[in-house]
Structures are given as C-alpha cells and as structure tokens.
Amino acid sequence: MKRILIAEDSNTMRSMLVSTIDELEKYSIVEAASGFEALRLLPREKVDLIITDINMPDINGLELISYVRNNPNYASIPLFIVSTESGDKDLEKGRALGANEYLVKPFDPVKLQELISKYLEP
C-alpha cells in the first residue's frame, strides 16, 4: 500500500486531508503536525507522496520542500502544496522549489483525489 505524508499544523485541515484521502481506500497516511516532525519522519517512513502546508511553526513548508528536493533519498517523491497562500509569487516560489502541484485552501477534495491518483497510480 502506498503511503502519503501529510505535513499540516492545523488539526482541522489535517483531518480534512486525511478524510479526503481515506475516501480513496488505497493509501495509508502518515501525519506530521509541523515541518520539523515531517523531517524526523522521512528517514523512518517510506512515503510515496508528500502533501504540505506552507505556513507552519519551526520548519515551514517551503523549507521542507527545499530539503526534500535537495536530498537524493527523497528528491523524486511527488510533492503537493495545500496552502492559503494564493498569490502568484507564492505559486511561483512553490513550483520553483520543486512542488509538483499547488492547491489553494479551501481545496477541492475531488481535485486532490484526482491528483493523488495521477501521481500514484500507473
């Protein structure tokens, strides 16, 4: 079963992401309440997709993306940003750092499910 890491500091938003993914009934989920926690989990958990917020305490989502993309062990993992940051500059920065997809909160659950399937199913 493929695994998805969700790095999101808001319990409510993390629960929404988990329930959206659970509807697909194909993936297991690893949850991190901060970017720092996500970085601690990466060496211990093999993940196939990372979904991150941008605004988080300690290590933010952009720093997490930068770390993932610059580490050969994780560089090829698809990475989505789900954030309230909706400006063109935020989108460009996320893409420039290596995010595969960028969804603005409130996100469309069906769109997220479609993107997950696109990246994780052959």
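The values are calculated or read from the model by the stated rules, or taken from the named source; none is laboratory data. Bear in mind the structure is a predicted one, so any value in this text is a computation, not a measurement. Using ideal geometry, Cβ is built from the backbone for each residue, glycine included, and neighbour counts are taken over all protein chains shown. Side chains included, ligands, DNA and RNA excluded: accessible areas come from the protein's heavy atoms. Shrake-Rupley method; radii C 1.70, N 1.55, O 1.52, S 1.80 Å.
A few points about this structure:
- Tensor-based shape of region 47-122 (alpha-carbon gyration tensor, a/c under 1.5 rounded, otherwise prolate or oblate): oblate
- Charged side chains reduced to their Cβ positions (Lys and Arg at +1, Asp and Glu at -1) give the chain a dipole of some 360 debye around its Cα centre.
- Candidates Val82, Val110, Val68: whichever shows maximal mean-square fluctuation once the chain is modelled as a Gaussian network with Cα springs under 10 Å: Val110
- Among Leu79, Leu24, Leu91, residue whose mean-square fluctuation peaks in a GNM of the chain (springs only between Cα atoms under 10 Å): Leu24
- Label-to-label distance, nm, for residues given as Ser15 and Met1 (7 Å Cα→Cβ offset): 2.1
- Approximate spin-label separation Lys26-Lys105, in nm, with each point projected 7 Å along Cα-to-Cβ: 2.6
- Added length on full extension, which subtracts the Cα-Cα distance from 0.36 nm per residue, Ser86 to Lys46: 11.4 nm
- Heavy-atom surface of the chain, accessible at 1.4 Å and reported per residue (Å²): 52
- With every protein chain in place, the chain: carbon and sulfur % of accessible area (1.4 Å): 49
- Secondary-structure-derived ellipticity at 222 nm for the chain, considering helices only, amounts to -12000 deg cm²/dmol, per-run term -39500 (n - 2.57) for DSSP H runs with n ≥ 4.
- At R0 = 22 Å, FRET efficiency that the Cβ-Cβ distance of Ala96 and Leu120 yields, to 0.05: 0.40
- Reduced Cα scattering model of region 1-43, Debye log10 I(q)/I(0), q = 0.26, 0.32, 0.34 Å⁻¹: -0.89, -1.10, -1.15
- Here region 1-99 was treated as a single set of alpha-carbon atoms; its pair distances binned every 10 Å from 0 give 16, 52, 29, 2 percent.
- Residues whose placed amide H lies under 5 Å from that of Leu79, excluding near-sequence neighbours: Ile50, Asn100, Glu101
- Straight-line cross-link partners of Lys26 among the lysines, defined as a Cα under 18 Å from its Cα and at least 8 positions apart when in the same chain: Lys2, Lys46, Lys111, Lys118.
- Partners for Lys105 among aspartates and glutamates (Cα-Cα distance below 15 Å; same-chain residues under 8 apart left out): Glu8, Asp9, Asp53, Glu85, Asp88, Asp90
- GNM flexibility winner over the chain from Arg69, Arg40, Arg14 (Cα, springs under 10 Å): Arg40
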